[in-house]
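This report concerns only the one structure given below.
The values are calculated or read from the model by the stated rules, or taken from the named source; none is laboratory data. Not measured: the values here are computed from a predicted model. Cβ: placed from backbone, ideal geometry, glycine included. Neighbour counts: every protein chain shown.
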């Protein structure tokens, strides 16, 4: 591990500060390649135009015709938070436009990911005229073809990377499809669906649908867009930051969907204080718990109901599922750590794991935890059925996981039954008997593609934090900003004297520190390793609230001897 400081252009910092940006934020933003205050604009007027999203207009015409003819629409959702929020955006907007729309979401354990032929058969029983995929579909070549044979059209809305063959759908809206010049390639699935709804409203406006009635306010759905965007860990480019900022604004103003407020309350949070951390680590996991352990229909119902009592009931069930998920994850992580101990200090280019009792809804979380520990591309498998394994992978900077799986599949045709995903996360299915073959070929492929320097974990920090900034005001200011993937939350680096350390909550260290003659408390979560008396630490500054009292809290992320 190597702790480094993010560089920034001093002229950018000064320009931001001169424009009225807080001096600390000016430094942080300059280190994230923001060179002018204009790049921090969060108003809707700065969103990329829907006209630039290939086929969004065509999708709008298709949907407007379906609404006019009162055709039955069926949204086919993915079973994660991005898919659930995208589904909720579609259901809420389409119903507001007068459409007949229902939704269907596959059970992860039974049907797996995407619009499969098996899922199309289930959908067909609901007699839809048009299927609308959200956060999936770009790889569903067979499913779309099967729907077509049954006389059902498909509108694909997705953001995943396409394969060599596109599905033969009525219309495909995906910024990553060939020929699409939409500038934000990293928009989430919920963002794509939101853009399609913006285009649809414009189309219906042109057709005169709102002459005698009020236009639906699509901005009211940005709380859902914000949650899906942060929970799916897509990079926060300028466009995604606007979508998240608008959604948080509604949450903080008490104007969110009842289900989101209920989820926050079920987790012991105040909806009016929601920040990006809450979306990614409090609300997101509770919503995802339904798709991991049960049926994401529960999560979608939580998001589409306007009945506060029903929303509260759904949120309580999701909270219970999340507690169960944490217990399962803890047990699986113990097994994964035992395997890692057996690997010794020098793992190869990758880590591939499988345990017979692992839960396929949780292996992605284990892959993420293992990746964090060993800093290697990691794939964890669970049993899908008696013959197949379903895997979930997480990668590291410098290694494109989906492209690597594509290369493996080309080198050994038939080895991977299906796969899909992004640069940093992907899913796949293989025969259980092929696990060793896959493991060896994935390792060989990664050894070729992964540069030696990328295997060293580099912790990027924002350098030292002046002692005067270790305050509640500054902690609250930092928490209120938009941070996430590709626009990381501040991580500072300083040297401290450790005066005292003790174990709390069985897995964490509570520390008393001394810096520049000032004493402070800090936490180091999920680590029991005793610290030396002098350390150099990468740390976050946040707000700790207990019994209504708020205090600044330092949280150690990475530590090395001073």
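Only one residue in 352, 429, 378 is more than 21 Å from residue 160 (Cβ to Cβ) and in contact (Cβ under 8 Å) with a residue 24 or more places away in the chain. Which one?
Answer to the check: 352.
Which is part of a loop (DSSP other than H, G, I, E, B), touching a helix residue (DSSP H, G or I) at 6+ places or on another chain (Cβ under 9 Å), free of Cβ contacts under 8 Å to residues at least 12 places away in the same chain and in the same structural domain as residue 73 (by TED's automatic domain parsing), of 182, 210?
When all the criteria are applied, what remains is 210.
Mind checking whether some residue in region 85-96 is in a helix (DSSP H, G or I), out of contact with any helix residue (DSSP H, G or I) (no Cβ under 8 Å at 6 or more places or on another chain) and closer than 30 Å to residue 468 by Cβ?
no
Take residue 509 and decide whether it is in contact with a strand residue (DSSP E or B) (Cβ under 8 Å, 6 or more places away or on another chain) and assigned to a strand (DSSP E or B).
Yes: the conditions hold for residue 509.
Applying the selection to region 1-22, what residues are surrounded by 12 or more Cβ atoms within 10 Å (Cβ to Cβ) and not in a strand (DSSP E or B)?
Those that are surrounded by 12 or more Cβ atoms within 10 Å (Cβ to Cβ) and not in a strand (DSSP E or B): 6, 8, 9, 12, 13, 14, 15, 16, 17, 19, 21, 22.
Is region 219-230 home to any residue that is outside any helix (DSSP H, G or I), surrounded by 23 or more Cβ atoms within 10 Å (Cβ to Cβ) and touching a helix residue (DSSP H, G or I) at 6+ places or on another chain (Cβ under 8 Å)?
no
Please go through region 55-67 and pick out each residue that is in contact (Cβ under 8 Å) with a residue 24 or more places away in the chain and surrounded by fewer than 18 Cβ atoms within 10 Å (Cβ to Cβ).
Within region 55-67, 58, 61 meet the criteria.
Select from region 330-347 the residues that are under 24 Å from the mean Cα position of the chain (by Cα) and either outside any helix (DSSP H, G or I) or in contact (Cβ under 8 Å) with a residue 40 or more places away in the chain (or both) and list them in ascending order.
If the condition is that a residue be under 24 Å from the mean Cα position of the chain (by Cα) and either outside any helix (DSSP H, G or I) or in contact (Cβ under 8 Å) with a residue 40 or more places away in the chain (or both), then 336 is the only one that fits.
Taking the condition within 28 Å of the chain's Cα centre (by Cα) and surrounded by 14 or more Cβ atoms within 10 Å (Cβ to Cβ), does residue 552 pass?
Yes, satisfied.
A quick yes/no check of all residues on (1) over 14 Å from residue 258 (Cα atoms); (2) free of Cβ contacts under 8 Å to residues at least 40 places away in the same chain; (3) in contact with a strand residue (DSSP E or B) (Cβ under 9 Å, 6 or more places away or on another chain):
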site	(1), (2), (3)
277	yes, no, yes
305	no, no, no
308	no, no, no
323	yes, yes, no
327	yes, yes, no
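Answer yes or no: is there a residue in region 104-117 that is in a loop (DSSP other than H, G, I, E, B), over 22 Å from the mean Cα position of the chain (by Cα) and more than 30 Å from residue 486 (Cα to Cα).
yes
Here is a list: 533, 495, 480. Which entry is out of contact with any helix residue (DSSP H, G or I) (no Cβ under 6 Å at 6 or more places or on another chain), surrounded by fewer than 20 Cβ atoms within 10 Å (Cβ to Cβ), in contact (Cβ under 8 Å) with a residue 24 or more places away in the chain and under 17 Å from residue 22 (Cα atoms)?
Of 533, 495, 480, the one residue that is out of contact with any helix residue (DSSP H, G or I) (no Cβ under 6 Å at 6 or more places or on another chain), surrounded by fewer than 20 Cβ atoms within 10 Å (Cβ to Cβ), in contact (Cβ under 8 Å) with a residue 24 or more places away in the chain and under 17 Å from residue 22 (Cα atoms) is 480.
So that you can scan it fast, the table gives a plain yes or no per residue for (1) modelled with pLDDT under 95; (2) touching a strand residue (DSSP E or B) at 6+ places or on another chain (Cβ under 6 Å):
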position	(1), (2)
482	no, no
493	no, yes
520	yes, yes
538	no, yes
548	yes, no
561	yes, no
